[in-house]
Amino acid sequence: MIKKIVAGVLAVLVLVLAGFKLFFNKDNTPKKMMDVKDNLTSYHMEANMEISSSDDKRSFFVQVDYKKDSENDLFKISILDKNINQEQIMLRNKEGVFVLTPALNQVYSFKGDYPLNGQKPYLYHSMLSALEGEYNLEKVSDGYVLSFAPKYENSPNWVKEDVKLSTDFKPVWVNIYDSNNSIVCSVNFTKVEFDVNFEDEDFNVEICMNKAKESAVDINRSEEDLPFKVVSNLINSELSQQTEATVDGKTVYILAYRGNQNFTIIQSIIEENEEINYSAVNGTLVNFDRGIGFYNNSYLTYIYNGIKYEVYSDSLKVSEMIDIVSSLDVIEEK
């Protein structure tokens, strides 16, 4: 009888301990991860990123530097488009937010909370912010897999995201899926360092520009390359008018499309500046697979491989404008 009582007590203790362990693991790990996020002082990350859309696949090398400076979050995000061997740098410092195009010696400045104004697949802050909503956290042999439904405003077809984290919560890889459960974006981290000693000059516009220009590849574009036309089957519109005009001594090409979606695309070549050229931009910075763009009311502007594109429409959403400019039949450097 006593043996049965002892066995019963032991069984209950095993169940209690097992339940406590499950409860502890379930509740304590996310708290530890949030503590890491809340106590970040600096990090440096490098990754290879691939973005797929239709039959097009784009490859990038991404570097992210972050420093907490009192009440300021400082960022330097470098995105090298491997398809055209061109780099863009996004800087956030105490003076504001800046987009640098080293090959053109061009800087665009604007107001805003970039890059914390929305999710970015390569941004550590974005990954851990998923813990503030609904998510699933799975413990694996060498770390954790965090799964959640992301909110990429300009990529509404990105519906699921998996993030692999090491045992010390460093990102290993990110996979983002569409509604067909196909991977549309993958990020594989090759280097992750916490508690990096950065100086203020690491986030200085001119210093970063001059350093990046040392390895920048020249952009060779001519009027013969233009205009590029929409080739996507995602839209039901046709080119109704194509004209050329001269603005400030430069040739611009104006393409008007009419159909279920009415829009106009203006294209022009951007020349390299001898000195750093600053331009203030009124608008919101948006990310997409062709790089960085600016959206303001009814038009989207972006620079890609030495060409400025402007898309005007009173009816299209930002994501639809992005689909259009991403479908342009452009010539790429190999």
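The values are calculated or read from the model by the stated rules, or taken from the named source; none is laboratory data. Just so it is clear, the model here is predicted, and its values are computed rather than measured. Virtual Cβ from ideal backbone geometry, glycine too; neighbours counted across all protein chains shown.
Checked against the criterion of being assigned by TED's automatic domain parsing to the domain that holds N188, out of contact with any Leu (no Cβ under 8 Å at 6 or more places or on another chain), within 25 Å of F189 (Cβ to Cβ) and modelled with pLDDT under 95, the candidates N25, N83 yield just one match: N83. Residues in segment 145-170 that are over 27 Å from I292 (Cα atoms) and either in contact (Cβ under 8 Å) with a residue 12 or more places away in the chain or among the hydrophobic types (A, V, I, L, M, F, W, C) (or both): V145, L146, L165, S166, T167, F169.
Does M34 satisfy the criteria of being in a helix (DSSP H, G or I) and among the aliphatic types (A, V, I, L, M)? Judged against the criteria, M34 is a match. Scanning segment 300-323 for residues that are among the acidic types (D, E) and farther than 18 Å from P227 by Cβ, we see that the one that is farthest from the chain's Cα centre (by Cα) is D314. For the structure I just gave you, tell me whether E224 is of a type outside the set (A, V, I, L, M) and outside any strand (DSSP E or B). When the stated conditions are applied, E224 passes them. The single condition among (1) among the hydrophobic types (A, V, I, L, M, F, W, C); (2) touching a helix residue (DSSP H, G or I) at 6+ places or on another chain (Cβ under 9 Å); (3) assigned to a loop (DSSP other than H, G, I, E, B) that L131 does not meet is (3). The set of residues from segment 62-120 being part of a helix (DSSP H, G or I) and hydrophobic (A, V, I, L, M, F, W, C) comprises A103, L104.
In the set I307, I254, I292, I265, only one residue is outside the structural domain of G118 (by TED's automatic domain parsing) and either on the phi > 0 side of the Ramachandran plot or at pLDDT below 85 (or both); that residue is I292.
Give me a count of the residues in segment 268-303 that are crowded, with 16+ Cβ neighbours inside 10 Å, touching a Phe, Trp or Tyr at 6+ places or on another chain (Cβ under 6 Å) and either farther than 20 Å from N117 by Cβ or hydrophobic (A, V, I, L, M, F, W, C) (or both). Adding up the residues that qualify gives 3. For S179, indicate whether it is of a type outside the set (F, W, Y) and touching a strand residue (DSSP E or B) at 6+ places or on another chain (Cβ under 6 Å). Answer is no for this residue. Applying a threshold of 8 Å to beta carbon distances and a minimum spacing of six or more residues, or different chains, the list of pairs starting in segment 275-287 at a residue that is on the phi > 0 side of the Ramachandran plot and ending at one that is part of a strand (DSSP E or B) reads G283/F110; G283/F294; G283/Y295; G283/N296; G283/T301. Here D200 fulfils each of the conditions (1) in contact with a Phe, Trp or Tyr (Cβ under 8 Å, 6 or more places away or on another chain); (2) within 30 Å of H125 (Cβ to Cβ); (3) among the charged types (D, E, K, R) apart from (1).
Only one entry in V247, V252 is surrounded by 18 or more Cβ atoms within 10 Å (Cβ to Cβ), farther than 28 Å from C185 by Cα and out of contact with any Leu (no Cβ under 8 Å at 6 or more places or on another chain), namely V252.
Screening segment 93-124 for residues that are over 19 Å from D81 (Cα atoms) and crowded, with 21+ Cβ neighbours inside 10 Å and picking the one that is modelled with the highest pLDDT gives Y124.
For S59, the criteria (1) at pLDDT 90 or above; (2) outside any strand (DSSP E or B) hold in every case but one, which is (2). Checking each residue in segment 178-218 for being acidic (D, E), in a loop (DSSP other than H, G, I, E, B) and loosely packed, with under 14 Cβ neighbours inside 10 Å picks out D195, E199, E214, D218.
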